[in-house]
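A short worksheet on the structure shown next.
Read-outs: derived from the displayed coordinates by stated rules, not from any lab. Everything numeric here is computed off the predicted structure, so don't read it as measured data.
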Amino acid sequence: MKFTYYGHSCFSVLAAGKTLLFDPFVTGNPLARAIDVDRIEADFIFVTHGHYDHTTDVVRIAKRTGAKVLGNWELFDWFKKGDIRGFSWLTQAKKSSEFEEKRRAFRMEMVGGPQAFFG
């Protein structure tokens, strides 16, 4: 497993050959000035909530990498306007069973809170 911190809330985890990217905010992020957003890879992008400092680079990275983007319904509704075809939403009721990788490399579910949280 490899963990990469990009600044603020953005980080990635490489596990079982899959790159999971969380809250991509690189462009305009003073903590990520030296990072080229177009070199960040992702198989899945998890977005916890819709603030700019969690969503700025979602569309750019998803379109370039073909990553599946996951978040709540409001994010799904917003991102579909950005023409992301691979967006799926998680709810507390649905949990994550339909998003589990066939090889069971990881399991992700959304839990409650004032801002969405994956655990």
* To do: Can you tell me what the convex hull of the Cα atoms of region 30-77 projects to on average, as an area in nm²?
  => 3.5
* Structure fact -> Residues whose modelled amide H sits under 5 Å from the amide H of PHE11, counting only those 5 or more places away in sequence or on another chain, are TYR6, PHE22
